[in-house]
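Mind having a look at this structure? Questions to follow.
Nothing in this text is a laboratory measurement; each read-out follows from the coordinates by a stated rule. Please read all numbers here as calculations on a predicted model, not as lab measurements. Note: ideal-geometry Cβ built from the backbone for every residue, glycine included; neighbour counts use all protein chains shown.
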Amino acid sequence: MINWKKTANSYQKDYLNDLKQLIAIDSERDDAHRSEQYPLGPGPAKALKKYLEFGKRDGFKTENLDNTVGYIEYGIGNQTMAIQAHADVMPAGNGWKTNPFKMIEKNGNIYGRGTSDDKGPGLAAYYGLKMLKDHGIKPHCKIRFIIGTDEESDWTGMKHYFDVEPAPNFGFSPDAEFPLINGEKGISSFQIKFGRGGNDNSQLISFHSGLRDNMVPAEATAAVKSNDFKSLSDQFSKFLDHNPIHGETKNDNGQIQFKVNGKAAHGMAPQNGVNAGTYLAKFLNQYVNDNSNFLDFITKFLHLDFLGQHLNLNHHDDTMGDLTINPGIMNFDVKNGGLIVVNIRYPKGIDIQTINSRLNQYANNNAVVKLDNMNPHYVDPKDPVVTKLMHAYRTQTGRNDQPKVVGGGTYARMMSRGVAFGALCSWKTPSTMHQPNEFQPISDLMLAMSIYGQSIYELTK
């Protein structure tokens, strides 16, 4: 039998060298530079190719499917176990103390975009698979390590895989946290549009907040037409003093420029962030006319209402928890009007049609358009996929944690018997996914690698 932890530790130097190469690639989906060769932009394809280079180097069979998804294969059999990781990352954003695309080791941690989501965990799972091959262990089924390239947006790559390849029978995604996630809430995003409403007496010139709908916006800016800079600036200072945000103003030829800094967080848990956009909208709504209901809608229905109560969306399921709502993108300009994109995570017991109907009801005459949707996903805790992974986890950690349900969404939901499994050691390391200064302790990643090695073995022996 393999000594999983000893083997993982022996791989540490090589693993960190490989991860350093992956982190150096800015693999954010880049539609502005998409082409026939690079449907999601050159960055995601470059990161995919780097993974496949590792696979070829280590003697695995590899396949690149149109620069959107690829796989590394080991073993043969009628059934296929999948490990689903992703090579793309969220936009880096501001607030980093280091270069987000240069992996930095400090005090036992590694910093960089993707160290936690999902290059660090994905590569740890790849090395778990490598353990079996290096030790000559032949699995009793086919194993595919599948790499998607736009998990943080539309899942184009992984959907393409399921279109052109047979669906895996079971597996896991190393794209969350330990111990194990056997349930994921439904995920949907809605776009709410606001007309400009005529701009003769509109004071709001522009408003911008948010990079992605599944991130809590850490920054917000606005330009306001006003000759009363001192009064508004004084009121803004008082507002900052009484709220958990930072900000500044400046006078620019009859326009007042506002900037607010909050705290980024993953959109599945908006209560963990400080939404700069809704705070700025709340302040401006007291003093500024936008002539479109944009600021008023954010203030009345979205600010600090993580459960959607003001939109009559609040819903709780005893197994899957509460519905949550994150206003991730809020933009306005006086010529074109406003746009809000909300990201909703919902449990069993409420459907997308109900959510859509209620949003439209409260948005009045503003158009509400559903952008995408994934239904809730749940795997029975007694399924062997769950019990075998939990056995490996408990054996190596000595902990008796139970599987859980979260608001996040991983590729695992694309398999009827798919679960999310690590790599964040949530009992001792905070999540920095989708945040500046993203990091993971090296020791956590080595533990994850060890758990993954045993887990893959247990699932395929």
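Return Leu123, Leu339 ranked ascending by Cβ neighbour count within 10 Å, so the fewest neighbours appear first.
Ascending Cβ contact count within 10 Å gives the list Leu339, Leu123.
Using the beta-carbon distance between Asp401 and Thr354 and R0 = 30 Å, what value does 1/(1 + (r/R0)^6) give for FRET efficiency, to the nearest 0.05?
0.35
Provide, as a two-decimal number, the C-alpha radius of gyration of the range 288-380 over 2.2 N^0.38 Å, N being how many residues it has.
Here the answer is 1.17, to two decimals.
While we're here: Could you give the angle, 0 to 90 degrees to the nearest 10, between helix 119-134's Cα long axis and the longest principal axis of the Cα atoms of the chain?
Around 10 degrees separate the two axes.
Please give the Cα centre distance for the range 1-46 versus the range 341-371, rounded to the nearest Å.
Going from one Cα centre to the other spans 36 Å.
Please give the FRET efficiency for Leu304 paired with Trp96, using the beta carbon to beta carbon distance and R0 = 22 Å, rounded to the nearest 0.05.
According to the calculation, E is roughly 0.25.
I've got another one for you. Can you pull out the GluC sites (Glu not before Pro) in the range 53-143 whose DSSP state is coil and whose Cβ has at most 13 other Cβ atoms within 10 Å?
Within the range 53-143, no GluC sites (Glu not before Pro) qualify (loop, at most 13 other Cβ atoms within 10 Å).
Now, a different point. Once you put a point 7 Å from the Cα of His316 and another 7 Å from the Cα of Ser10, both along the Cβ direction, what distance in nm separates them?
According to this spin-label approximation, the distance is 5.2 nm.
If you consider only alpha-carbon coordinates, what radius of gyration and Dmax does the range 191-262 have, in Å?
For the range 191-262, the Cα-based Rg and Dmax read 13.6, 37 Å.
While we're here: Summing -39500 (n - 2.57) over the DSSP H runs of n ≥ 4 in the chain and dividing by its residue number, what mean residue ellipticity at 222 nm do you reach, to the nearest 500 deg cm²/dmol?
Rounded to the nearest 500, it is -9000 deg cm²/dmol.
Expressed as an acute angle from 0 to 90° and rounded to the nearest 10, what is the orientation of the C-alpha long axis of helix 352-362 relative to the principal long axis of the chain?
Tilt relative to the chain: about 10 degrees.
Taking the dipole about the Cα centre of the chain, with the C-beta of Lys and Arg at +1 and of Asp and Glu at -1, give me whichever of His208, Ile83, Leu240 is farthest to the positive side.
Final value for the positive-end residue is Ile83.
Right, something else. How far apart, in nm, are two points set 7 Å out from the Cα along the Cα-to-Cβ line at Glu105 and at Glu248?
Label-label distance for Glu105 and Glu248, simple model: 3.7 nm.
Still on this structure, I have one more. At 7 Å along Cα-to-Cβ for each site, give me the label-to-label distance between Thr387 and Lys20 in nm.
Label at Thr387, label at Lys20, 4.5 nm between them.
Here's another thing I want to ask about it. Could you work out the per residue convex hull volume over the alpha carbons of the chain, in cubic angstrom?
147
Now for a separate question. Once the Cβ-Cβ distance between Asn78 and Asp380 is put in as r, and R0 is 22 Å, what FRET efficiency do you end up with, to the nearest 0.05?
Computed FRET efficiency for Asn78 and Asp380 comes out at 0.45.
Measure of size requested: the Rg and Dmax of the range 187-374, with Cα atoms as the atom set and Å as the unit; please supply both.
Rg then Dmax for the range 187-374, in Å: 16.4, 56.
To test your reading of the geometry: what angle, between 0 and 90 degrees and rounded to tens, separates the Cα axis of helix 442-460 from the longest principal axis of the chain?
Roughly 60 degrees between the two axes.
Specify which residue in the list Ser455, Gln286, Ile329 is farthest towards the positive end of the charge dipole of the chain, using unit charges on the beta carbon of Lys, Arg (+1) and Asp, Glu (-1), about the Cα centre.
Positive-most Cα among the choices belongs to Ser455.
Follow-up. Taking Cα centroids, how far is the range 82-121 from the range 385-406 in Å?
Going from one Cα centre to the other spans 25 Å.
Further, regarding this structure: Say a paramagnetic label sat at a point 7 Å from the Cα of Asn336, along Cα to Cβ; which residues of the range 270-288 have their backbone N under 16 Å from it?
Nothing falls inside the zone, counting backbone N under 16 Å.
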